[in-house]
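Below is one structure; the comments refer to it alone.
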Amino acid sequence: MTLPPGQRAADGFPRFGTHLHRPPPPVPADPVIVIGGALTETLTLSVADLAHLPRRELRADFHCVAGWSATNLLWEGVAFGPFYRTRIEPLLRPGARISHVVFEGLDGYRSTAWLEDALAEDVLLADRLDGQPLDGGHGAPVRLVSPGQYGFVSTKHLCGISFHASKPPDFDRWSPIAGHPRARVWLEERHRHLPGRLVRPVYRGLIRPIRSLSARGSRAKPE
Ligand SMILES: Nc1nc2c(c(=O)[nH]1)N[C@H]1C(S)=C(S)[C@@H](COP(=O)(O)O)O[C@H]1N2
Ligand SMILES: [Mo]
């Protein structure tokens, strides 16, 4: 098994998210994803309807920027690229050339990806993990999964997606460990301002406290 540079395999799939001890947000009775931005109309997609769109399974590892990787996860959901081409492109404002996508979660978390990265073949709107509906810890009712990018791109509890023709403001612009805009794991694009290799030892010291704080949301990986 080969992992991207600076990553180690974690035992199972801990809840890596930056939320630490915060409980997962409550899921509304009939959750929707509100899709907007440079579109001629806002599209409100019922999460339940994802079951009726073309589906795919994806076996992939998941890489947290702090250096841990969960291996061999089985995701199920709707592939983002085909979804974009069939559902979003026809709604784009005339002449709009989309460059960035913003994903928003029910807990207020947001991530930004280059459209080019979001259209990678293995990016999914995932509502199932290892044969079960997504649980609260890992992003119920639906999350983005972009295995080629560090976990911070993969917004959980997805409730909004917006498409932009220019770079939106960075939500984390004041953070010394601001995320890299592309966050590609194989290129070790961990942070915007610091080289990936440099922060490895810092994270190594933080891993134990982070894991114990987030243990509540974790679960063992079935073999
Ligand atoms: N809505 C939401 N999505 C989120 C986060 C979060 O705090 N809230 N944390 C991100 C980070 S930093 C990581 S590493 C992954 C962790 O996914 P996991 O909690 O399923 O392990 O979720 C990402 N998506
Ligand atoms: Mo993370």
Where GLY137 falls short, out of the listed (1) surrounded by fewer than 23 Cβ atoms within 10 Å (Cβ to Cβ); (2) more than 19 Å from SER69 (Cβ to Cβ): (2)
Any chance GLY131 is of a type in the set (Gly, Ala, Ser), away from ligand 1 (no atom under 13 Å from the Cβ), closer than 23 Å to PRO26 by Cα and buried (at least 21 other Cβ atoms within 10 Å of the Cβ): no
Yes/no for ALA96 being at pLDDT below 95 and farther than 17 Å from VAL27 by Cα: no
Leading residue by the ranking (modelled with the highest pLDDT) among those in region 57-93 that are closer than 24 Å to GLY12 by Cβ, in contact with a helix residue (DSSP H, G or I) (Cβ under 8 Å, 6 or more places away or on another chain) and of a type in the set (A, V, I, L, M, F, W, C): PHE62
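Among the residues in region 208-219, are any small (Gly, Ala, Ser), under 19 Å from the mean Cα position of the chain (by Cα), modelled with pLDDT of 95 or more and not in a helix (DSSP H, G or I)? Give the derivation first.
So the first thing to find is which residues in region 208-219 are small (Gly, Ala, Ser), and the list is 212, 214-215, 217-218.
Narrowing the set further to residues that are under 19 Å from the mean Cα position of the chain (by Cα) leaves 214, 217-218.
Right, trim to modelled with pLDDT of 95 or more and you get none.
No: region 208-219 contains no residue that is small (Gly, Ala, Ser), under 19 Å from the mean Cα position of the chain (by Cα), modelled with pLDDT of 95 or more and not in a helix (DSSP H, G or I).
Limited to region 98-148, what total is found for residues that are in contact with a Ser or Thr (Cβ under 9 Å, 6 or more places away or on another chain) and within 16 Å of ligand 2 (Cβ to nearest atom)? Write out each step before concluding.
In the first step, residues of region 98-148 are kept if they are in contact with a Ser or Thr (Cβ under 9 Å, 6 or more places away or on another chain); the result is 99-105, 109-111, 113-118, 120, 122-124, 126, 137, 139, 143-147.
Cutting the leftovers down to within 16 Å of ligand 2 (Cβ to nearest atom) gives us 103, 105, 109-111, 113, 137, 139, 143-147.
The total comes to 13.
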Failed item in (1) buried (at least 22 other Cβ atoms within 10 Å of the Cβ); (2) in contact (Cβ under 8 Å) with a residue 60 or more places away in the chain; (3) under 27 Å from PRO90 (Cβ atoms), with VAL123 passing the rest: (2)
Extreme residue, most open to solvent (accessible area, probe 1.4 Å), among residues of region 1-50 that are free of Cβ contacts under 8 Å to residues at least 24 places away in the same chain and among the small types (Gly, Ala, Ser): ALA29
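Just give me the residues in region 76-97 being open to solvent by 10 Å² or more (accessible area, probe 1.4 Å) and touching a residue at least 60 places away in the same chain (Cβ under 8 Å), in sequence order.
If we filter region 76-97 for residues that are open to solvent by 10 Å² or more (accessible area, probe 1.4 Å), which is where we start, we get 76, 79, 82, 85-87, 89-97.
Matches in region 76-97: LEU92, ALA96, ARG97.
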Qualifying residues in region 140-186 (those that are of a type in the set (Ser, Thr, Tyr) and crowded, with 23+ Cβ neighbours inside 10 Å) - the one farthest from ligand 1 (Cβ to nearest atom): SER146
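The values are calculated or read from the model by the stated rules, or taken from the named source; none is laboratory data. Owing to the predicted nature of the structure, the values given are computational and were not obtained by experimental measurement. Please note: Cβ atoms are built from the backbone with ideal geometry, for glycine as well, and neighbour counts cover all protein chains shown. Ligands, DNA and RNA are stripped out before the accessible areas are found, and what is left, the full protein with its side chains, is counted by its heavy atoms. Shrake-Rupley method; radii C 1.70, N 1.55, O 1.52, S 1.80 Å.
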